[in-house]
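S.K.: One structure coming up, written as structure tokens, with questions to follow.
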């Protein structure tokens with residue numbers, strides 16, 4: 001397995017599912033992983049699990065749609081660890097409703113989380129990575145960008161950003 005010893009990573013949407021699996025894998029490869037979610041209490045058991053396994057992690061409880069919180073998280077990593085190396089922009093939400101019944105506010109909420117937040121986090125990560133000429137930004141997509149269903153129009157629009 002490759003080594004990420006000394007690297008610092010942020011995985012958004014990491015309290016469960018794919019985000020948690022990616023965060024755990026990065027920690028197993030040696031990275032210090034900041035796991036993100038909106039609720040500190042939900043994240044704490046995940047950090048305890050990493051610590052018990054001898055891995056390095058910390059919570060990063062914030063809403064990814066909060067621009068200032070995104071910047072503060074990445075800058076905080078640089079302050080605490082002297083570096084920031086890997087962003088996994090994974091957080092996402094879903095709102096199921098036939099398009100004719102979809103409210104604009106619900107559409108905007110999905111885009112803000114699944115698209116705009118990814119851009120904000122990537123911008124903040126790039127501001128740290130470009131001067132160092134090092135780093136990785138990973139954005140999760142979805143097969144739903146190609147295989148849409150009638151009740152997930154906002155999700156499809158937001159996830160298509162990761163396709164070729």
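S.K.: Do we find that residue 55 is farther than 26 Å from residue 142 by Cβ, buried (at least 19 other Cβ atoms within 10 Å of the Cβ) and touching a helix residue (DSSP H, G or I) at 6+ places or on another chain (Cβ under 8 Å) in this structure?
M.R.: Criteria met by residue 55.
S.K.: Right, next: Working carefully through the options 72, 61, find the one that is surrounded by 15 or more Cβ atoms within 10 Å (Cβ to Cβ), without any contact (Cβ under 8 Å) to a residue 24 or more places away in the chain and farther than 19 Å from residue 148 by Cα.
M.R.: Working: 61 fails: without any contact (Cβ under 8 Å) to a residue 24 or more places away in the chain.
Step by step, each of 72, 61 is checked, and only 72 is surrounded by 15 or more Cβ atoms within 10 Å (Cβ to Cβ), without any contact (Cβ under 8 Å) to a residue 24 or more places away in the chain and farther than 19 Å from residue 148 by Cα.
S.K.: Out of region 107-119, which residues are surrounded by 14 or more Cβ atoms within 10 Å (Cβ to Cβ) and over 14 Å from residue 92 (Cβ atoms)?
M.R.: Within region 107-119, 107 is the sole residue that qualifies.
S.K.: Next up: Name the pairs whose Cβ atoms lie under 8 Å apart, with the first residue in region 130-147 and at pLDDT below 80, the second outside any helix (DSSP H, G or I) and surrounded by 11 or more Cβ atoms within 10 Å (Cβ to Cβ), and 6 or more positions between them or separate chains?
M.R.: Taking only residues 6 or more apart or on different chains, the pairs are 142/92; 144/152.
S.K.: A further question on this structure: Picking from 154, 148, 143, which residue would you name as being surrounded by 18 or more Cβ atoms within 10 Å (Cβ to Cβ) and in contact with a helix residue (DSSP H, G or I) (Cβ under 9 Å, 6 or more places away or on another chain)?
M.R.: None of the other options fit; the residue is 154.
S.K.: Checking residue 92 against (1) within 15 Å of the chain's Cα centre (by Cα); (2) more than 30 Å from residue 150 (Cα to Cα); (3) touching a residue at least 24 places away in the same chain (Cβ under 8 Å), which single condition isn't satisfied?
M.R.: Single failed check for residue 92: (2).
S.K.: Could you look through region 138-158, keep only residues that are under 18 Å from the mean Cα position of the chain (by Cα) and not in a helix (DSSP H, G or I), and pick out the one that is farthest from residue 10 (Cα to Cα)?
M.R.: 142
The values are calculated or read from the model by the stated rules, or taken from the named source; none is laboratory data. Quick caveat, the model's predicted, so the values are computed rather than measured. Glycine also receives a Cβ, built like all others from the backbone with ideal geometry; neighbour counts cover every protein chain displayed.
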